[in-house]
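Participant: Below is the structure I would like to discuss, written out as structure tokens.
The values are calculated or read from the model by the stated rules, or taken from the named source; none is laboratory data. Values in this document were obtained by computation on a predicted structure and should not be read as measured data. Because the Cβ atoms are built from the backbone with ideal geometry, glycine has one as well, and the counts that use them run over all protein chains shown. Ligands, DNA and RNA are stripped out before the accessible areas are found, and what is left, the full protein with its side chains, is counted by its heavy atoms. Shrake-Rupley method; radii C 1.70, N 1.55, O 1.52, S 1.80 Å.
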Amino acid sequence: MPAEDNPSAPPELLALAHAYGVDTGYDAGAGPIQVGPRTLIAVLAALGVDASTPDLAAAALDAHRAAQARRLLPPTVVAWQGRRTALDLPAEAEVRLELEQDGGDWELTGDHSHWLPEDLPLGRHTLHVTAGDRTGRAALIVAPARIPEPAHRSWGFLAQLYSVLSEQSWGMGDLADLAELAQWAGAELGAGFLQINPLHAGLPGAPSDPSPYRPSSRRFADPVHLRIEAIPEYTRHDEARDLARRARLLREEVLEHDALIDRDSVWALKRRALELLHTVPRGAGREAAYRAFVRREGEWLERYAVWNALAEVHGAAWHHWPKGLRHPANPQVAAAKAELTDRIEFHRWLAWLVDGQLHAAQRAATDAGMPIGLIHDLAVGVHPDGADAWALQDVLATGISTGAPPDAFNAHGQDWGLPPWRPDALAETGYAPWAELLRAAARHAGAIRIDHVMGLFRLWWVPAGARPTEGTYVRYDAEAMLAVLALEAHRAGTAVIGEDLGTVEPGVRERLAEHGVLGTSVLWFERDWHVGGAVLPPERWRAGCLATLTTHDLPSTAARLTGDHVALRHQLGLLARPLAEEQHAAATEVADWQHELVRTGLLADGAPVTTEALYAYLRTTPARLIGVWLPDTIGDPRPQNLPGTWDQYPNWRLPVADATGTPRTLDAIAAAPGTAAIAAALAPIGPRPRDTPTGAPRRARRCRGPVPWETWTRGTQCAPVRSPRRPR
């Protein structure tokens, strides 16, 4: 059925939409659907194009074609190392290549002016072109053909950090707990990695949004994750130590009195402690390290700190701030900075503390023998009211949010409330904001996970005020997005895992695999749909993936095996079919896997399916990485997040608990029989800890600091910024 009452669009509008990479139709599995003119007009408006009438659409199309004809080069050119790259230029064109850093210029003229050699150095360079009286400039991304993959097959834990409490936590898991979890899993169990939820900075204010996938900033981590006692100045402030004693009550409420994780109360107490510790003078060495961090982070840190300081005064919703403060380049912002110097300094300092504890956690993981260590999760977008949306508003679409079209699982579609990149503006910057985001995500990681990795190819755009069904797909330059990803992963020496679950366009998984991006395979979804949906035998699973039994958005394994996930969704009114049908389908699903486990010799005939047997099955697949959902080790039946709910279910606020729902500490998880049983089922995977190198050799980076703000805002490339070498 059509997405609008009047789905027909004039040919001028359709042609204009195609010119800007806006799809005019889609198929979510129930047949082709035509996108209506109202949606196309709204999406084009977000791209800076007025198509509100047929005449305006025709004029905009003519203007676009004329602008394309005048350009000698697109704003960004991609070259894959080892391959020659053709440039579509006039015969008389002269090309000069300005290398990113300390490499001088290359003149590419004569018969070879239309081809870039295959041996160009990796990096973010600049092409300068002259053809008669016309000149042009373009970003040139030279990327390795493949992203580095893990050197060994390994298994590891998947954990939501806030949910993993120790006897020292302040009411939620923190970065010291992360280090301890990694140290134990690597040294005692031989785990190769630890994948965690996004640690991005959340939107300030109470009540806060507990979802780690709607952050204020993806560029900086949230100080709520700090372990206060690990800050050196802590021992020099008596009142801060008193607050640590009060924090015990928050911890006891969760662990002993079945309370939900109260992020706001935790942050209120930690913030008070941090305000006190900020007054303690730093020693000369600590001060030097802090100043080096500020220099390394540059304008990116400055804008983040300024936004946080302004939010303390005016609230987080920057769209409602005084008009002069709504754009970071306005002179009123500069004046406000002078008045808020102390608060800006406080937020810079918080970012430095978090960076240091993140480094310590990754160091603990690799020192414990993990060949990968931490896998950080990169959310698909940011909160429209947050710091990144303010700082990056010139490259984000206004009046649009990302989501998903209606499909077999959700007939109403989804609206995630996250502003998407503008593909045209991103290209004009040479993809520098995307590169900087990846560089930050990989700084203290052995691998990064990209949520909804299909977004590198296209995203579902929903205009403000429209239903999710009234959106359309907007295309991105996947070649450029992948090249930047490959380059930054190469420089950091990190692997990349793409979350490619759900509706995936044909060819996307193949393109990702071609460049070394690992996929995500969930056991319950691995079916052969060519033969009626039979269980996919292990030898037919793809090797290039992270294989697991569940994720943060899916039922726990314990709930799958008992059918409790159906009962929960029924209780909350989320079932799409009658309860009896859903229960029958769930029981059939478990029976299918019971038969498969018996067939493969992992389960005795007639025996019930166990969590350990399912993880042993994952071991028989060729999957490069196997992820163990940490709550599975003690039989926690509850999902961490239940899509389709808001206040009906305590999403993102549950501590890890046992089968009875009783919260358990990290020490209790480590001692649980189920933990040992799952580890034993996976033990043959990968080298033992003492034989594992502490990380693959990392190549030197050509651009060590963040891309300077002033360079990408005027469309040029990464300048030779010097900053301290990343700690090893």
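Participant: Within region 247-264, which residues have the backbone N less than 20 Å from the label spot 7 Å out from A671 along Cα→beta-carbon, could you tell me?
Facilitator: 251-258
Participant: Send over a whole-number figure in Å² for the accessible area per residue of region 421-486, probe 1.4 Å.
Facilitator: Here the residues of region 421-486 average 20 Å² of exposed surface.
Participant: I would also like to ask the following. Once the Cα gyration tensor of region 263-351 is diagonalised, what are the square roots of 5 times its eigenvalues, in whole Å and ordered largest first, as equivalent ellipsoid semi-axes?
Facilitator: Square roots of five times the eigenvalues give 24, 18, 10 Å.
Participant: Between region 638-681 and region 112-137, what is the C-alpha centre distance in whole Å?
Facilitator: 54
Participant: Oh, and also: Give the Rg (one decimal place) followed by the Dmax (whole number) of region 274-408, computed from C-alpha coordinates and expressed in Å.
Facilitator: Over region 274-408's Cα set, Rg and Dmax evaluate to 18.3, 61 Å.
Participant: Could you check what % of the DSSP bridge pairs in region 400-528 are antiparallel, to the nearest 5?
Facilitator: 65
Participant: A further question follows. Could you derive backbone 3J(HN,Hα) for region 520-530 from the dihedral phi with the Karplus parameters 6.51, -1.76 and 1.60 (θ = phi - 60°), listing whole Hz in sequence and x where the residue is Gly or Pro?
Facilitator: 10, 10, 9, 3, 5, 9, 7, 10, 9, 6, 6
Participant: I've got another one for you. Give me the percent of DSSP beta bridges within the chain that run antiparallel, rounded to the nearest 5.
Facilitator: 55
Participant: Could you tell me what fraction of 2.2 N^0.38 Å the Cα radius of gyration of region 427-557 comes to, as a two-decimal ratio?
Facilitator: Taking the Cα Rg and dividing by 2.2 N^0.38 Å, one obtains 1.18.
Participant: Convert 25 °C to kelvin, take the viscosity as 0.890 mPa s, use the Kirkwood radius over C-alpha pairs of the chain as Rh, and evaluate the Stokes-Einstein diffusion coefficient in µm²/s, rounded to a whole number.
Facilitator: In µm²/s, the coefficient is 90.
Participant: Also, quick follow-up: Using the beta-carbon distance between Y290 and H128 and R0 = 60 Å, what value does 1/(1 + (r/R0)^6) give for FRET efficiency, to the nearest 0.05?
Facilitator: 0.95
Participant: How many percent of the accessible area of the chain is carbon or sulfur, using a 1.4 Å probe?
Facilitator: After summing per-atom areas, the C and S share lands at 53 percent.
Participant: Separation of region 193-208 and region 340-362 by C-alpha centroid, Å?
Facilitator: Between the Cα centre of region 193-208 and that of region 340-362, the gap is 15 Å.
Participant: How much area per residue is accessible in region 512-655 when the probe is 1.4 Å and only protein heavy atoms are counted (Å²)?
Facilitator: For region 512-655, the solvent-accessible area averages 42 Å² per residue.
Participant: If you don't mind, another one. Quick one: accessible area per residue over region 150-219, 1.4 Å probe, rounded to a whole number of Å²?
Facilitator: Result: 25 Å² per residue.
Participant: May I pose another question? Hey, what number do you get for the chain at 222 nm if only DSSP H runs of n ≥ 4 count, each worth -39500 (n - 2.57), divided across all residues, to the nearest 500?
Facilitator: That calculation yields -11500 deg cm²/dmol at 222 nm.
Participant: How far is the Cα center of region 150-180 from the Cα center of region 508-575, in Å?
Facilitator: A separation of 23 Å, based on Cα centres.
Participant: How much solvent-accessible surface does T503 expose, in Å² to the nearest 10, with a 1.4 Å probe and all protein chains in place?
Facilitator: 60
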